[in-house]
Every structure is written in C-alpha cells, then in structure tokens.
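Please treat every number below as a calculation from the coordinates, not as lab data. Remember, it's a predicted structure, so these values are computed and weren't measured experimentally. Methodologically, a virtual Cβ is constructed for each residue, glycine included, from the backbone with ideal geometry; neighbour enumeration extends over all protein chains shown.
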Amino acid sequence: MFAKDRDIAQVEPNVFRDFVWLGQVVSRGTASVSGTSLEASAQDNSFVGNAIEMGHVVTVGGVSLEVIDVLGPTFLSVSRLHEDAIATARPAAVIASSPFHIMTFRPQLEWMHRQLLAMLGVGRFTNQDQVYLPESRINNPWELVRAEVYGALHLIYAAAGSALASDHPLNQRASLYRQMFRDERMRVVVQIDLDGDGTPDVLRRMNVGQLVRL
C-alpha cells in the first residue's frame, strides 16, 4: 500500500477513537505512556507476532499516537503525530494507566490501493486481454498517498453512515472525501518505468488515458 494508518491520522486522527470496529482491532487493553514509551499492563493480544509495526496508530486514553517500533510483547515506542514518517519521535504527554486499542484501517487502504492500481493499469495479474506492469514500476509512489487516504476515508465514513439519513454529518463527511479523492485523482501524475531500468518512461494520469513519453 502507498499509505499507512499514520497517514489517515494526519487527516482525521479522531477516526481511530470514534470508529472502533472490533473486526479491525489488533490489540486492546490497559497501558501507560511516558515520553516515547508505551507499556501495556493488560492486553488481549501481544504486540509481537500480530503484524503490529511502524505506521500503526495506538489510541490511549482517547489520544492517538503513532507506533514507531515494537520493543517487546508489552512495549511499544510511540510518538505524537508528526508530518513526516521518518522524523524524530516526538514524546507524548504522560498518560497514566488508561484503556488503549490499536485499530487499523488497512482493509480500506488495501481496497483503495487496488482501485488506484487498476486506474493506472498496474498490478500483479495477467489476463487474456492485458498484461499489467508490476507495482514496482511506479517511480513516485509517495504521490499516491493522499489519494489512497482520501479514498479510504470515504469508505470509512460511508460505512459508518450507511444506516443513517443522507444528510447526516457522517454521510456529508463521506461525500467530502469522495470529492477530495476525485480532485486528487485529477491532480496526481504518476511516473511509470516501462522497461524496468529504474527510469520513468511515461507519465500517467488517473483522470484520462493520457501517456506522455519522456
């Protein structure tokens, strides 16, 4: 995927607090935070062996923090949200023993990831009509992070508002992110390496079938 949970949190940190869907909770329990360290005193799933990694978001006492590293079965290195995934960790405020959960929106990100690849004619599959280039041929994947995030947020809010009136704030939020996704899709230009030499050969847009040879 181009985006991680942390990228969603940059735009909508409250979704990790407000939409706790049990099928997408990786771990939950009680934990304390001091600086950049989180220690769980009780948990239903260990931090080790459950695919928890940098880029996940842990919510402790209603505060969403980035997971920087897994230090052990009950220990995480965490940081306040920051704009750059490779930036130095920012210590969080001290949080005494409080409920925590690690909620992931990777299913929604994965859905949008596949959609974006299909729009670009890139993927891992071959059919009778078309041979797709591998995803690794995209030379500027960072340009697709926002589109993937906006699309995932549309799916999240649309699911949350599915049983509510169309003018409910959740559905209005879903419509907002649908439009933001469309705008981002129109903006982004993706560099594609056709021959595998590491150098982009064409520029591809997701709004029209336009190829520009470099």
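Please report the relative contact order for region 107-213, taking Cα pairs under 8 Å with a sequence separation of at least 6, and give it as a percent rounded to a whole number.
Working: 145 pairs, mean separation 26.0, N = 107.
Worked out over region 107-213, it gives 24 percent.
Rounded to two decimals, what is Rg over Rh for the chain when you use alpha-carbon atoms and the Kirkwood radius?
1.03
When only C-alpha pairs under 8 Å and at least 6 residues apart count, what is the relative contact order of region 5-103, in percent?
36 percent
For the charge dipole of the chain, defined by +1 on Lys and Arg C-beta atoms and -1 on Asp and Glu C-beta atoms about the Cα centroid, which residue among Ala89, Ser64, Leu76 has the Cα displaced farthest towards the positive pole?
Ser64
For region 107-213, report the convex hull volume of the alpha-carbon atoms normalised per residue, in Å³, without decimals.
Values: hull volume 12.2 nm³, N = 107.
It comes to 114 Å³ per residue, whole-number rounded.
So what is the 222 nm mean residue ellipticity for the chain from helices alone, if each DSSP H run of at least 4 adds -39500 (n - 2.57) and you divide by all residues, rounding to the nearest 500 deg cm²/dmol?
Values: 5 runs with 61 residues, N = 214.
It comes out at -9000 deg cm²/dmol, rounded to the nearest 500.
Sequence gap at least 6, Cα distance under 8 Å: using those rules, report the relative contact order of the chain to the nearest whole percent.
18 percent
How much length is gained if the chain between Ser77 and Ser162 is pulled fully straight, taking 0.36 nm per residue apart and subtracting their Cα-Cα distance, in nm to one decimal?
27.0 nm
Taking the alpha-carbon centroid of each part, what is the distance from region 46-61 to region 98-177 in angstrom?
Between the Cα centres of region 46-61 and region 98-177 lies a distance of 21 Å.
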